[in-house]
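Input: a single structure, listed below in structure tokens.
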Amino acid sequence: MRKMLWMVISFGFVHLISAQDKHYPPRDETNREPSLSVFVAKLKQAVDKRDEDWIMKSLADDVESGFDTEGGKADFNNTWSVDNDSSDFWFMTSRIIGMGGVFLHDTADSTGRYQFVFPYIYDIELSLEDDYYDMGIITGKNVNLRAKPDIKSEVVVQLTYNIVHYITNESEGMQVTSGSNGLGEPEWYKIETYGKDKTGWVNWKFIYNLMGPRLFLYKDKELGWKISAFLTGD
């Protein structure tokens, strides 16, 4: 009887913990290795200057640019159009580098080509029941979750690096959004907190999809640091 009661209490405790809000503050391990720090500094400069030549020279010969592509530098440029100053690649890369990156310790990576990743949230581990496609992270401190998609709307609660769920349309399964920003993406996203106790709208500048673009780097023994992949989705 005591064992059964303990199991019931334990299950309830685990359920309570899993339902609580989760926070994942920024991490940046770039400076853990001097050579990586130098490479990332040059990468930032190249992105700021839209330096296509530097990017192309820094790609691994078999760089990956998508899960349904053949790979390689030519394919990378076809996918991300780094020869175009208006390409989404530049903004995306700048944003994810600004979020910070981490070293990966993936024992399943026998190639050694996925040693470091931007942004840091790629390294997050959540519950097996969580759907990463419909989840994001709040990218700042005291970010306003508003009752309506309007900067003058009532503030429901303030969030700080919270993991959140995107609200989706039941009939189509699409994220519920409002408006459009200068990049052609939604201006506002309707979300709920991880514990599902608060719902509201957050501006696109302060949320990032867990399956959004990520940049992988690895250190070649002869050539130094290289970009091994720039991927989005699963």
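Nothing in this text is a laboratory measurement; each read-out follows from the coordinates by a stated rule. Here the structure is a predicted model, which is why all the values come from computation and not from measurement. Neighbour counts are summed over all protein chains in view; Cβ atoms, including those assigned to glycine, are modelled from backbone coordinates with ideal geometry.
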Query raised in the report: Over all distinct alpha-carbon pairs, what is the Kirkwood Rh of the chain in angstrom?
Result: 19.6
Query raised in the report: In square nanometres, what is one fourth of the surface area of the convex hull spanned by the alpha carbons of segment 132-209?
Result: 5.0
Query raised in the report: Of Arg95, Arg113, Arg32, which has the largest mean-square fluctuation in a 10 Å C-alpha GNM of the chain?
Result: Arg32
Query raised in the report: Using the Cβ atoms and a cut-off under 15 Å, what net charge is assigned to the surroundings of Thr111, where Lys and Arg are +1 and Asp and Glu are -1?
Result: -2
Report task. Return the single residue from Ile138, Ile124, Ile163 with maximal mean-square fluctuation; model: Gaussian network over the chain, springs between Cα atoms under 10 Å. Result -> Ile124
Query raised in the report: Which residues' amide hydrogens lie under 5 Å from the amide hydrogen of Asp220, considering only partners 5 or more residues apart or on another chain, with H built in the peptide plane?
Result: Trp225, Lys226
Query - Net charge of Cβ neighbours under 15 Å - reference Met174; Lys, Arg +1; Asp, Glu -1 - result: -4
Query raised in the report: What size of dipole, in debye to the nearest 20, comes out for segment 132-209 about its Cα centre when the only charges are +1 on Lys and Arg C-beta atoms and -1 on Asp and Glu C-beta atoms?
Result: 320
Report summary line: Per GNM of the chain with C-alpha springs under 10 angstrom, the most fluctuating residue out of Phe216, Phe67, Phe103 is Phe67
Report task. Select from segment 178-234 those GluC sites (Glu not before Pro) which occupy a DSSP coil region and have at most 11 other Cβ atoms within 10 Å, ordered by residue number. Result -> Glu222
Query raised in the report: Under 5 Å between amide H atoms, partner at least 5 residues away or on a different chain: which partners does Gly71 have, H built in plane at 1.01 Å?
Result: Ser65
Query raised in the report: With r defined as the distance between the Cβ atoms of Glu70 and Ala108 and R0 fixed at 22 Å, what FRET efficiency is calculated, to the nearest 0.05?
Result: 0.45
